[in-house]
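Single-structure report; data block below.
The values are calculated or read from the model by the stated rules, or taken from the named source; none is laboratory data. For clarity, every value in this text was computed on a predicted model and none was experimentally measured. Here the Cβ is made from the backbone with ideal geometry for all residues, glycine too, and neighbour counts use every protein chain on show.
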Amino acid sequence: MLIEPAEIHALIKLIDDPDEEIYLHVKKKILEYGVYALPYLEKTWGFEQTEVELRLRLEHLTQQIQFENIKELLLEWSQKDDPDLLEGFILISRYQYPDLSPLFIDNYLEKIKKDIWLELNSNLTAFEQIKVFNKVFFDIYGFRGNAANYHSPKNSFINTVLESKKGNPLSLSIIYMIIAQRLEFPLHGINLPNHFVLGYEDKPLSRMTGNGKSDIVFYINPFSKGALLMNGDLELFLKELKLPLRDEFLLPCNTKSIILRLVNNLINSYQQEKQEEKVEEMKVLRTLLSTEE
């Protein structure tokens with residue numbers, strides 16, 4: 001897109017025009033510039049002499065442009081044959097934190113991975129590998145489930161979870177799984193109702209055996225400091241919820257369904273906080289992801 005700084009500056013000067021028709025025209029033109037207009041909007045917002053009404057309109061335009069950008073990027077992500085889980089997590093997190101650094105996050109995850117790798121050796125069993133992982137991830141780095149503030153939206157953004165070391169079952173599982181897969185552990189997401197855990201697959205290249213049963217040999221609950229679970233534990237969990245024993249509850253789920261669940265968690269969190277505008281925007285993202293499922 002051809003950027004015309006003079007035109008953008010001229011449009012910004014008209015943002016606080018009291019004539020609603022003029023403002024709507026200016027808004028339409030600025031939105032057409034999209035992310036290219038953001039630096040100009042942010043610079044004007046930062047001026048001390050900027051009036052309150054102008055600041056409000058600048059904030060509204062900035063948020064609208066950022067949301068449209070997230071929609072566009074998430075649609076592009078969802079249309080990939082094998083979308084990257086970390087990329088999807090970062091995209092959703094940028095809804096609330098548009099300036100977060102993917103490179104910083106990637107480097108931090110890599111640091112955790114290296115610290116775990118230094119404690120591993122080729123003679124360890126699968127259970128022993130997970131024990132080492134849990135020691136570094138939970139005891140040294142201090143990650144834990146945020147039971148005290150379970151429904152907070154901050155539990156669903158990767159940057160805030162990495163900063164606070166607290167998250168919900170899904171966010172902790174995603175971070176755990178991303179690091180584990182970098183270590184070539186055959187871990188996959190398990191989309192249990194009301195909870196999310198990970199499954200350790202006996203044969204990394206096989207998702208299901210010929211009889212329709214999973215190759216998962218045990219499960220991991222990152223929300224409970226990596227507690228190990230067996231198939232019977234999950235069956236009991238489903239029985240307590242009075243739900244049928246269905247394969248979809250016990251088998252690995254795909255990346256898109258994980259990010260869709262992340263969005264659903266945020267819808268619930270924002271509903272708890274009565275942030276209706278954010279609820280509606282998250283529903284837009286849910287529809288986008290559901291369409292692509």
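Tabulated results
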| read-out | value |
| --- | --- |
| When residues of region 138-152 are limited to those that are outside any loop (DSSP other than H, G, I, E, B) and under 19 Å from the mean Cα position of the chain (by Cα), the one nearest to residue 179 (Cα to Cα) | 144 |
| Test: residue in region 89-100 that is surrounded by fewer than 18 Cβ atoms within 10 Å (Cβ to Cβ), under 25 Å from residue 188 (Cβ atoms) and in the same structural domain as residue 275 (by TED's automatic domain parsing) | no |
| Scan of region 241-293 for residues that are without any contact (Cβ under 8 Å) to a residue 12 or more places away in the chain and more than 21 Å from residue 168 (Cα to Cα), ordered by number | 242, 244, 245, 246, 276, 277, 280, 287, 291 |
| Flag for residue 267 being part of a helix (DSSP H, G or I) and either in contact with a Leu (Cβ under 6 Å, 6 or more places away or on another chain) or in the same structural domain as residue 94 (by TED's automatic domain parsing) (or both) | yes |
| Of all residues making up region 30-56, the number that are at pLDDT below 85 and either over 24 Å from residue 90 (Cα atoms) or in the same structural domain as residue 90 (by TED's automatic domain parsing) (or both) | 16 |
| Matching residues in region 157-173 - criterion: being touching a residue at least 12 places away in the same chain (Cβ under 8 Å) and out of contact with any Gly (no Cβ under 8 Å at 6 or more places or on another chain) | 157, 158, 159, 160, 162, 164, 170, 171 |
| Which listed residue is over 21 Å from residue 88 (Cα atoms), among the hydrophobic types (A, V, I, L, M, F, W, C) and in contact with a Lys or Arg (Cβ under 6 Å, 6 or more places away or on another chain), from 133, 138 | 138 |
| Residue list for region 201-242, filter: at pLDDT 60 or above, of a type in the set (Lys, Arg) and farther than 23 Å from residue 135 by Cα | 203, 239, 242 |
| Residues satisfying the stated conditions in region 242-252, i.e. part of a loop (DSSP other than H, G, I, E, B) and either surrounded by 13 or more Cβ atoms within 10 Å (Cβ to Cβ) or of a type in the set (Phe, Trp, Tyr) (or both) | 243, 251 |
| Test for residue 104: is it at pLDDT 90 or above, in a helix (DSSP H, G or I) and crowded, with 16+ Cβ neighbours inside 10 Å | no |
| Near pairs, Cβ below 7 angstrom, 6+ apart or cross-chain, from region 84-113 (over 25 Å from residue 282 (Cβ atoms)) to any residue that is in a loop (DSSP other than H, G, I, E, B) and modelled with pLDDT of 95 or more | 112/141; 113/183 |
